[in-house]
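Every number here is computed from the coordinates shown, using simple stated rules; none is lab data. In this text the structure is predicted, and so the values were computed from the model without any measurement. For neighbour counting, all protein chains shown are included, and Cβ atoms are generated from backbone atoms with ideal geometry for every residue, glycine included.
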Amino acid sequence: MRKLLISALAVAAFVAATVSCSDSFTLADHIGMCGEKNGVVAKDCGMDYVEVSVSRFLAPEKDEGRFLENLAFAADSLPPLYAANGFFPKDIKLTGPEADLPRAIAYGKTAIQRASKAGIEILVLGSGAARTIPEEFPCEEAQNQFVSLLDSLAEEASAYGIVIAIEPLQSKETNYINTVSEGAAIARLTGRENVAVIADFYHMAAEGEGPEAIIANADKLVHCHVAEPGKRTAPGVQGTDFTPYFKALRQIGYKGRISIECRWSDIRSELPVALETLKDQIKASK
């Protein structure tokens, strides 16, 4: 009981410190990274926030105590929380004959409620394996299943001020929603203001989708991920120039954040370089 009380106090202090947009918004000051595992390093490097895992951190199918322990750890050791990704595990099917929408909705509602307690504003719905459409299953029916799920999640999320953001993934990871344009079209199809899309520069490069997709879908873009193409290295490793993407974001008056989501070889040496690289390129995009 005492442990839970301490956790609750830590949570309250942590949520009070979460980031918020201001009139003087500068993208270079709103760069975070994915993965609570390396969150301590992120805090040491001065990252603006950390993007956690829905399944591991919010733990929707675990008891509340597990979640409170995670939240207490975050309050003590991590930067503020802003987003969470990896929404559904691969065993909760979202499309096809094995789709389990009642379980998915229950899981999603718990995730939303816990995200609210953590001060999380964006829930990223990638989950490529969960949403992949089985062979010979009608695409239209699969899309109806997915849109119905989004509608249910959005209704719950609206009560907490949370946005559900579809993450387009390259075709090697899923056969459904591979580009920003496709994700934005599905978001619009729901008719929900709090269903949106993210732009992941790594997946965009893999699918040959350029920065113009950011401009074309400005009405639905709320969040970004970044990693270098190919081996998904951290910014600054190969020297990839993301300036065209930042120019597009600047053109649309983007007020979201950008999360580094990459494979680290040595995070303590690579993260400071990645952060500085992105800040320099954002500055160069003016």
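Among the trypsin sites (Lys or Arg not before Pro) in the range 83-178, those located in a DSSP loop and surrounded by at most 16 other Cβ atoms within 10 Å of their own Cβ are LYS90, LYS172. The residue among PRO138, SER152, ALA59 whose Cα reaches farthest toward the positive pole of the charge dipole of the chain, with charges on the beta-carbon of Lys, Arg, Asp and Glu, is ALA59.
Taking amide H as placed 1.01 Å from N in the peptide plane, ARG257 has its amide H under 5 Å from the amide H of CYS224, each at least 5 places away in sequence or on another chain.
Residue pairs exceeding 19 angstrom between C-alpha atoms, taken from LYS109/LYS255; LYS62/LYS117; LYS255/LYS279; LYS247/LYS283: LYS109/LYS255. For the range 79-169, the Cβ-based charge dipole about the Cα centre amounts to some 480 debye (Lys, Arg positive; Asp, Glu negative; other atoms uncharged). Put a dot 7 Å past the Cα of GLU64, heading toward its Cβ, do the same for TYR160, and the two dots end up 1.3 nm apart.
Remark: the chain carries a charge dipole of roughly 720 debye about the Cα centre, counting +1 on each Lys and Arg Cβ and -1 on each Asp and Glu Cβ.
Here each label is just a point 7 Å from Cα along the line to Cβ, and for GLN251 and ALA106 those points are 4.7 nm apart. Summed over qualifying helices (DSSP H, 4 residues or more, each -39500 (n - 2.57)) and divided by its residue number, the chain shows a 222 nm mean residue ellipticity of -13500 deg cm²/dmol.
Near the amide H of ASN85, within less than 5 Å, lie the amide hydrogens of VAL52, SER53, VAL54, VAL124, all on another chain or at least 5 residues away, with H placed in the peptide plane.
Each residue of the range 183-188 was assigned a 3J(HN,Hα) from its phi angle through the Karplus curve 6.51 cos²θ - 1.76 cosθ + 1.60 (θ = phi - 60°); the sequence is x, 5, 5, 5, 4, 5 Hz, with glycine and proline shown as x.
Taking all pairs of different Cα atoms in the range 58-180, averaging 1/r and flipping that mean, what Kirkwood radius in angstroms comes out?
This gives a value of 15.1 Å.
In the chain, the alpha-carbon atoms span a convex hull of 124 Å³ per residue.
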